[in-house]
Every structure is written in C-alpha cells, then in structure tokens.
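In what follows, a structure is listed as structure tokens, so that the remarks can point back to it.
Values quoted throughout were computed directly from the atomic coordinates according to the rules given, and no laboratory measurement underlies them. None of these values were measured; they are calculated from a predicted model. Neighbour counts are summed over all protein chains in view; Cβ atoms, including those assigned to glycine, are modelled from backbone coordinates with ideal geometry.
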Amino acid sequence: MNSRLSMLLIVAGVQLLIVAGLLLASTSDSSGEADLFLSFDSDLIDRVMLDDGDGLELSLEKSDDGWSLDGRVPVDEEKMAEVLSKLQNLKRPWPVATTSATQDRFEVSDEKHQRHVQLYANDELVADFFLGTSPGYRRVHAREVGADDIFSIDFSNYEIPLSVDGWLDKTLLGARGEVTEVAREGAWRINKGEEGWLLDDAAADQDAADRLAGRFAELRVMGVLDDADGTATTAEGVEHRGTYRINDADGEQRIDVFYRSEEDDYLVRSDRVVGIFTLASYLAEQIVIESGDLLPETEDSSL
C-alpha cells in the first residue's frame with residue numbers, strides 16, 4: 001500500500017513539474033519577441049512606403065524637421081508615432097491559413113492586396129508585409145512578404161490610410177504659442193495689451209476678441225489641395241476673402257482666405273507652410289468677420 005502511494009505521489013509530482021514547465025514556457029514566450037507579428041524598433045523608422053496594388057503609392061519620410069509626405073506635406077507626428085508603436089507591438093496569433101493558395105482570397109498576395117507596407121530604418125528594409133480583408137471589427141488579415149502564414153491581427157486598414165489627407169497634420173497652420181495680435185488687412189486690427197484687447201486702439205469686445213484669437217490659435221484645415229499648376233486661387237469663381245496677419249510666439253504669420261463659389265467651400269494659404277489647404281466653411285465664416293463684430297456691446301440709451 002505504501003509502495004503504491006509513493007508511486008502515485010511521484011507521478012503527481014512529475015505531472016506538476018510538466019505543467020509548471022509549460023506555464024513557464026508560455027509566460028516566457030508571451031513576454032519575448034517570439035509572439036510578435038513584426039520585429040523592429042519604431043524609434044528607428046525613418047521611411048514608410050505604402051501601396052494598394054493598383055498604382056496608388058505614398059512615401060512618408062522622416063527628416064530633422066519631422067515626418068512629411070512626398071517631402072512636402074507635413075505629417076501628423078502623433079498619428080505616425082501611434083501607428084508605428086501599434087505595429088511594433090502586434091501579437092502573432094495562430095495562423096488562419098498556411099498555404100499560398102489562400103493568399104488571393106484573403107487579399108494578402110503579391111498581386112492582390114489592400115495594403116503593402118514597407119518600413120525602413122537607415123535605408124534598411126526592416127518590415128515588409130501585406131494587409132488584406134477584414135474578418136471582423138478592428139481586425140485585418142496580414143502576411144509577411146516571403147512567408148505563407150496568414151494571421152488575423154488587431155489592426156485596421158483605415159489606421160494606415162492611402163490618402164494624403166489621411167496623414168496630413170491638420171494643425172499645421174495653427175498659431176505657435178499665444179496669439180497677441182490679429183489684423184485683417186484694410187479692415188481692422190486687434191492687439192492684446194495690459195488692459196486687454198484693443199480694436200484699432202479702442203476697447204474691443206473681450207469675449208469676441210478672445211474667440212477670434214482662439215480660432216487662429218487652434219486653426220485646423222480639412223485637407224491639402226492638389227495645385228500642381230498653382231492656379232487654384234486665381235481660377236474663375238475664386239474670391240479673395242481677406243489677408244490676415246497673426247502674431248504669435250514665432251512672429252508674424254500671413255494667412256489668405258479664399259472662397260470658391262463653384263465648390264461652395266473655402267481655401268487657405270499661409271506664408272509659413274507651402275501649399276493650399278481646404279478649410280471648413282463654418283470655421284472660415286467665423287474668421288471672415290467685420291470690425292463691427294469685434295465692438296463691445298453698448299446699451300440702448302433710448303430705453
């Protein structure tokens with residue numbers, strides 16, 4: 001009886017050791033790089049190449065001035081950092097398919113894909129993969145170039161857009177630091193002194209002046225205009241709605257606002273950033289105001 005009990009205890013002990021070993025191995029794998037879909041350092045990435053397989057391509061590059069698209073359009077730095085960080089930390093689940101015959105069906109083949117993403121660090125290709133169809137909310141099929149395994153990863157194609165506006169830093173025309181003066185050439189000027197805002201050297205409506213300064217401080221564009229021939233602001237039906245001078249921590253910025261009657265929208269151009277950008281109508285109409293909108297309210301003496 002004692003011999004049988006001892007044998008059972010030994011078997012149970014061995015089983016416990018096996019289970020502990022499996023758990024330890026699982027924990028080790030989950031904390032290492034073996035279970036990651038990709039292997040790269042996001043801090044070292046300085047170029048991202050994208051294409052959709054149908055001729056649409058984007059090139060995003062990092063320089064001393066930050067990220068830009070095609071070397072001219074400023075890229076949203078926060079968005080880029082979030083995308084690279086998420087890609088770096090994507091987990092590698094069990095593959096949903098392991099044969100090359102399924103690549104077209106999941107749209108992750110060389111010939112048929114929704115995204116081909118290449119990440120470079122110092123001209124070295126460090127990640128090269130395809131994104132395809134979506135099996136569910138916030139998930140996408142993915143395959144590394146040169147491999148057959150296809151995974152369903154925690155990512156979405158919309159997170160890595162194939163449009164210029166999708167990457168554009170929409171705050172690129174916003175003031176830098178505190179706005180201390182705004183002037184609409186030929187119309188009015190407000191400047192902030194120790195006593196508050198003045199309108200052409202007289203007292204201004206403080207709330208109205210604060211709102212206007214805030215609109216320039218937080219100015220957001222909607223997109224960038226493809227204006228290769230430089231005629232967007234001089235075309236027929238385009239009306240110049242004002243030139244504005246905004247003083248902030250970096251000095252003076254000049255902004256021109258235009259209205260396009262045919263499209264019923266607004267364009268904006270700055271001397272700080274190359275390009276012409278689209279502006280939301282509601283925001284443009286809050287900027288294109290007259291001096292009377294900045295005057296303090298007065299009581300009706302007849303009452």
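Between GLU185 and GLU285, what is the label-point separation in nm under the 7 Å Cα-to-beta-carbon projection?
With each label point 7 Å from Cα toward Cβ, the separation is 2.6 nm.
Can you bin the chain into rounded, prolate or oblate? Criterion: square roots of the alpha carbon gyration tensor eigenvalues sorted a ≥ b ≥ c, rounded for a/c under 1.5, prolate for a/b above b/c, oblate for the rest.
Details: a/c = 3.46, a/b = 2.16, b/c = 1.60.
The shape class here is prolate.
If you take every residue apart from GLU61 with its C-beta less than 12 Å away from the C-beta of GLU61, what net charge results, scoring Lys and Arg +1 and Asp and Glu -1?
Values: positive: ARG47, LYS62, ARG72; negative: ASP46, ASP64, ASP65, ASP70, ASP123.
Combined, the nearby Lys, Arg, Asp and Glu give -2.
Can you list the HN-Hα couplings for the range 119-136, worked out from phi with the Karplus curve (6.51, -1.76, 1.60; θ = phi - 60°), rounded to whole Hz and with x for Gly and Pro?
10, 10, 9, 6, 6, 9, 6, 10, 8, 8, 8, 10, 10, x, 6, 9, x, x
By how many nm would the segment from LYS86 to ASP210 grow when fully extended, if each residue of separation counts as 0.36 nm and the alpha-carbon distance is taken off?
On the way: separation 124, 0.36 × 124 = 44.64 nm, distance 3.85 nm.
40.8 nm is the gain from fully extending LYS86 to ASP210.
Nearest 500 deg cm²/dmol is fine: what mean residue ellipticity at 222 nm does the chain get from its DSSP H runs of n ≥ 4 alone, each adding -39,500 (n - 2.57), divided by its residue count? Walk me through the intermediate numbers first.
Numbers: 5 runs with 65 residues, N = 303.
About -7000 deg cm²/dmol.
Using Cβ counts within 10 Å as a stand-in for footprinting exposure, how do TYR259, TYR266 rank, fewest first?
Numbers: TYR259 20, TYR266 24.
Ranked by crowding around the Cβ, least crowded first: TYR259, TYR266.
According to a simple spin-label model (label point 7 Å from Cα along Cα-to-Cβ), what is the distance in nm between ASP110 and GLU252?
5.9
Give the separation of the Cα centroids, the range 215-288 to the range 39-91, in Å.
When both Cα centres are located, 27 Å separates them.
Give me the percent relative contact order of the chain, please, defined on Cα pairs under 8 angstrom at least 6 residues apart. Working shown, then result.
Working: 531 pairs, mean separation 38.9, N = 303.
Computed over the chain, the figure is 13 percent.
Want the number for SER163 to ASP227: 0.36 nm per residue separation, take away the alpha-carbon distance, what's left?
Numbers: separation 64, 0.36 × 64 = 23.04 nm, distance 1.57 nm.
Here the answer is 21.5 nm.
What does the extension gain come out to for ALA202 and GLU78, with contour length at 0.36 nm per residue minus their alpha carbon separation?
Numbers: separation 124, 0.36 × 124 = 44.64 nm, distance 4.14 nm.
Working it through step by step, the gained length comes to 40.5 nm.
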